[in-house]
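Structure record follows, encoded as structure tokens.
The values are calculated or read from the model by the stated rules, or taken from the named source; none is laboratory data. All values reported here derive from a predicted model rather than from experimental measurement. Cβ atoms come from the backbone with ideal geometry, glycine included; neighbour counts cover every protein chain shown.
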Amino acid sequence: MVATISAIVITKNEEQRIGACLTSLNWVDEIVVVDSGSTDQTREICKKNSKVVFYEQPWEGFGIQKNRALERASSEWVISIDADEIIPAELAFEIRQTIQNPSYDGYTVKRKNFYRNQWIQHSGWWPDKVLRLFRKDKGRFSDRLVHESVELNGQRGCLTGFIEHHSYNCVSDFIHKTDSYSHLGARVMFEHGKRTSAGKAFVRSIITFVKTYLLKGGILDGTAGILIAVSNAAGVFYRHMKCVELQQDKNVD
């Protein structure tokens, strides 16, 4: 039998990027989109694609939202893609070939991360290996609010192709993601019983900058390397400080 594959995508206000993402998925059997209340043209763009099965689901966190999409996929294999990602034709061909004669239950794939039109080859952004292709009955996403990952019940291999990730097109994208991800990260820290302080926030942010810019070669990425290093450091600082606020609020209660 010919193996089938579903793509799963979660969205919210992605009208600027979802079109390119869906176009790069025209080779799959179905595209399951789970939207969490878009107020732009995301819904309309998705519904114009004949392969899209569109659902609406209140936001519960990245991991839970992706599991909602996974539950609705009808194919034997699943490829998980973010709305700001594109699958090049070479990777699409490799995936189609792989699932017809698989050696593993899941496969990692490298991501080429871009800032504007620059492929970031250092700063810890390459090679960015993520598990994205797997048998539906062998994987599920961790229930984390942020930085979720696929938990695979089986063996994993690695594909040679790569996904294109176009998440950052301007400085404002870094600022927005730093704020939203640090908020979710602080909740995860607090709920797992981790405690921190302003001093730890400062020290860890400095360490993060040095690791990103020097140890991970961010200096070789030019202006983008400085932006990424500062953004990473700010994310760590804000996450710890927001966790401090949660600790203070609990003590007041």
**Message:** Considering only residues that are under 21 Å from F134 (Cα atoms) and assigned to a loop (DSSP other than H, G, I, E, B), which ones fall in the stretch 1-52?
**Reply:** M1, V2, A3, T4, S24, L25, N26, W27, V28, D29, K51
**Message:** Which count do you get for residues in the stretch 12-53 that are of a type in the set (K, R) and closer than 17 Å to S75 by Cβ?
**Reply:** 1
**Request:** Could you tell me which numbered condition E164 fails, if it satisfies all but one of (1) within 21 Å of the chain's Cα centre (by Cα); (2) assigned to a helix (DSSP H, G or I); (3) in contact (Cβ under 8 Å) with a residue 40 or more places away in the chain; (4) within 15 Å of F114 (Cα to Cα)?
**Result:** (2)
**Filtered residue count, the stretch 68-80, keeping only those that are surrounded by fewer than 21 Cβ atoms within 10 Å (Cβ to Cβ) and in a helix (DSSP H, G or I)** = 4
**Asked** For the stretch 178-206, what are the residues that are free of Cβ contacts under 8 Å to residues at least 24 places away in the same chain, of a type outside the set (S, T, Y) and assigned to a helix (DSSP H, G or I)?
**Response** E191, G199, V203
**Message:** What are the pairs with Cβ atoms under 6 angstrom where one residue, in the stretch 25-41, is touching a residue at least 40 places away in the same chain (Cβ under 8 Å) and the other, located anywhere, is part of a strand (DSSP E or B) and of a type outside the set (A, V, I, L, M, F, W, C)? Sequence gap at least six, or different chains.
**Reply:** E30/S6; V32/S6
**Request:** Only one of these is assigned by TED's automatic domain parsing to the domain that holds F62, more than 21 Å from G225 (Cα to Cα) and modelled with pLDDT under 95: E191, E148. Name it.
**Result:** E148
**Prompt:** Does N49 satisfy the condition of being assigned by TED's automatic domain parsing to the domain that holds L159, over 30 Å from V210 (Cβ atoms) and more than 19 Å from the chain's Cα centre (by Cα)?
**Reply:** yes
**Request:** Quick one: which residue in S197, S205, S231 is surrounded by 14 or more Cβ atoms within 10 Å (Cβ to Cβ), polar (S, T, N, Q), over 21 Å from the mean Cα position of the chain (by Cα) and at pLDDT 95 or above?
**Result:** S205
**Item:** Sole residue being within 28 Å of A20 (Cβ to Cβ) and surrounded by 13 or more Cβ atoms within 10 Å (Cβ to Cβ), chosen from K138, K177
**Value:** K177
**Item:** Residue tally, condition in contact with a Gly (Cβ under 9 Å, 6 or more places away or on another chain) and crowded, with 21+ Cβ neighbours inside 10 Å, over the stretch 99-116
**Value:** 3
**Complete:** Apart from one, (1) more than 20 Å from I64 (Cβ to Cβ); (2) surrounded by 13 or more Cβ atoms within 10 Å (Cβ to Cβ) all hold for L131; the odd one out is (1)
**Prompt:** Does K110 meet the test of being of a type in the set (K, R), modelled with pLDDT of 95 or more and closer than 29 Å to F209 by Cα?
**Reply:** yes
**Prompt:** Which of the residues belonging to the stretch 211-224 are part of a helix (DSSP H, G or I) and over 24 Å from the mean Cα position of the chain (by Cα)?
**Reply:** L214, I219, L220
**Asked** In the stretch 117-128, which residues are among the polar types (S, T, N, Q), touching a residue at least 24 places away in the same chain (Cβ under 8 Å) and surrounded by fewer than 18 Cβ atoms within 10 Å (Cβ to Cβ)?
**Response** Q118, Q121
